[in-house]
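Structure, as structure tokens:
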Amino acid sequence: QVSPSELLASILVYRAVYYVLPLVIGITAPAAVAFRNRSRTIGRLLGDITPTLAAVAVFGAGAWLLFAGSLPLPREARGGTPLALLEVSHLTASLIGVALLVLARGIQQRNHGAWVLTFSALCAAVLLSALRSDPPLLIAAMIVLALALWVGRRRFYRPAALFEARFSWIWWRN
């Protein structure tokens, strides 16, 4: 005599082994072969989309810094930090936000100089956001964005006129 729960369990195992497992193998094996054959095409497509996505993310980070700089800081978020330091961090973060809004266009154009300035600005923005007690999720998002820019740094290969130009002593004197 077999109990109903044992019978149900054996029927479910039978269905999983003889129906679901072959179905999963039958779907994943051809998909893996197709993905392997098209991985170069997908990589090229992602390479073309990456600067645009990075530009949107940089623009969003700049907009957030600008917006957060316009909000008053609650008293409980101040902690033991002097008010003057908080005000300077608000102003500096707002200026970095404006810079990121402008640099997003250079990121979209794969400009190396824009990449250098954006990466530096994001690193500074992370420190200022931590000082201002911004939400940890937003600080983590800026860290992830900076790391993504660092990983994709080879995609920003176009020279920047400001960093590539050689200025003469006459230019510096005037």
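Segment Leu71..Leu147, full-extension length gain: 24.6 nm, with 0.36 nm per residue of separation and the alpha-carbon distance subtracted. Sorting the segments 93-100, 27-34, 134-141 by their residues' average number of neighbouring beta-carbon atoms within 10 angstrom, most packed first, yields 93-100, 134-141, 27-34. Shown in residue order for the range 117-131 are the 3J(HN,Hα) couplings computed by the Karplus curve 6.51 cos²θ - 1.76 cosθ + 1.60 at θ = phi - 60°: 5, 5, 4, 5, 5, 5, 5, 5, 5, 5, 5, 5, 5, 5, 5 Hz (x for Gly and Pro).
Amide H contacts of Arg158: His112, each under 5 Å away and 5 or more positions distant or on a separate chain (H built 1.01 Å from N in the peptide plane; Pro and chain starts excluded). Spin-label model, Val98 to Val20: label points 7 Å out along the Cα-to-beta-carbon direction sit 5.9 nm apart.
Since every read-out is calculated from the coordinates, none of them should be taken as a lab result. The structure presented is a predicted model; accordingly, all values stated were derived computationally and were not measured. Note that each Cβ is placed from the backbone with ideal geometry, even for glycine, and that neighbours are counted across all protein chains shown.
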